[in-house]
Ligand code: GLN
């Protein structure tokens, strides 16, 4: 059977399984299973495929038809131009989270050397890409720490650190419990979905992504509450807190930040026009 035949077969199975983006997903899995590039896919479309690779391709298609996200099948997701390993137990890096890293880079661009913390790091995508981008722009003396409570996250972040040649340190901790330092910037994409909403999110996320990375308790705000209360103690004066939020959480998160004496609070919308990133400054300081 030719590549075209296999792809048609793959698409039919995914369409039948109600996978919305079945054409694109078939392409991604074909490139992965047959070890070919995007251009190869067109060049080799009439070639017969080796049986072993075709078996592997069908395994991938079968997994996708259970609604397992492509990124858990291929084991990777691009983020900020870097290829991050993704596996069970960590959230797949999201495109909208790149905005958080871009904003953090922009706000710290004139700081020569700094200390940064990625709290609730998961795959490590925020902290690692922040550190690598800073290094590429000539800032070689930063200290970047990644923190997470989950052993799975620590393991995946560690693998990504080595894979991408990052110099981050990784700390296992329940929020600030084992954090000893102060930072110029704390970045975080904490779990922020209301427990009662989790059953309504798409199957790919609900069944396959880790609940611990999604569940923000009853009102979805429990991590913002803890971050707002505790983060100032771990920031230098004028330190920056940058967090990703859910589309309807800005007013609540802003209030929590104001109540905890953060200043200059601002909001950045994502490409879909939804509220997404909050920035706040620890200008009033208590040492
Ligand atoms: N944005 C994620 C989603 O769409 C949620 C991430 C989070 O809870 N931090 O599922």
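Here, each number is a calculation from the coordinates, and none is a lab measurement. Note that the structure is predicted; figures quoted are calculated from it, not measured. Neighbour counts run over all protein chains shown; Cβ positions are idealised from the backbone, glycine included.
The table for this structure:
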read-out	value
Once the Cα gyration tensor of the stretch 10-141 is diagonalised, semi-axes √(5λ) in Å	36, 16, 12
Gyration tensor (Cα) of the stretch 1-79, equivalent ellipsoid semi-axes in angstrom	18, 14, 11
Cα shape, the stretch 35-104, gyration tensor, a/c 1.5 rule	oblate
Packing-based order for 115-121, 221-227, using average beta carbon neighbours within 10 Å, highest first	115-121, 221-227
Rounded to 10°, Cα long-axis angle of helix 98-107 versus longest principal axis of the chain	40 degrees
Three-way shape call for the stretch 158-250 based on the alpha-carbon gyration tensor, with the a/c threshold at 1.5	oblate
Degrees between helix 250-259 axis and first principal axis of the chain (Cα, 0 to 90, nearest 10)	30 degrees
Length added when fully stretched, residue 51-residue 151, from 0.36 nm per residue minus Cα-Cα	32.2 nm
Rg/Rh ratio calculated on Cα atoms of the stretch 105-147 (Kirkwood radius)	0.94
Kirkwood-Stokes translational diffusion coefficient of the chain, alpha-carbon pairs, 4 °C, 1.567 mPa s, µm²/s	64 µm²/s
Estimated distance in nm for a label pair at residue 58 and residue 207, the labels positioned 7 Å out from Cα along Cα-to-Cβ	2.1 nm
In nm, spacing of pseudo-spin labels at residue 102 and residue 83 (7 Å Cα→C-beta vector)	2.4 nm
Förster-model FRET efficiency, 45 Å R0, residue 9 and residue 267, C-beta, rounded to 0.05	0.45
Percentage relative contact order, the stretch 159-236, counting C-alpha pairs under 8 Å, at least six apart	37 percent
The stretch 164-216, Cα convex hull volume normalised per residue, Å³	129 Å³
Rg and Dmax of the stretch 52-91, Cα atoms only, in Å	11.5, 34
Modelled FRET efficiency - R0 41 Å, residue 219 with residue 38, Cβ distances, 0.05 increments	0.40
Burial ordering of 202, 80, 111, fewest other beta-carbon atoms within 10 Å first	202, 111, 80
Degrees between helix 151-164 axis and first principal axis of the chain (Cα, 0 to 90, nearest 10)	80 degrees
Residue 23-residue 111 pseudo-label distance in nm [points 7 Å out on the Cα-to-Cβ vector]	4.5 nm
Cα Rg, Dmax (largest Cα-Cα span) when computed across the stretch 186-236, Å	12.8, 41
Rg/Rg_globular for the stretch 113-268, with Rg_globular taken as 2.2 N^0.38 Å and Rg from C-alpha atoms	1.04
Two-site FRET efficiency, residue 136 against residue 95, from Cβ-Cβ distance with R₀ of 25 Å, rounded to 0.05	0.80
Of 266, 37, 188, the one that fluctuates the most in a GNM where the chain has Cα springs shorter than 10 Å	37
Helix-only CD estimate at 222 nm, as mean residue ellipticity for the chain, using -39500 (n - 2.57) per DSSP H run (n ≥ 4)	-12000 deg cm²/dmol
Alpha-carbon centroids, the stretch 250-287 and the stretch 140-159: separation in whole Å	24 Å
Where only C-alpha atoms are counted, convex hull volume of the stretch 68-173 per residue in Å³	85 Å³
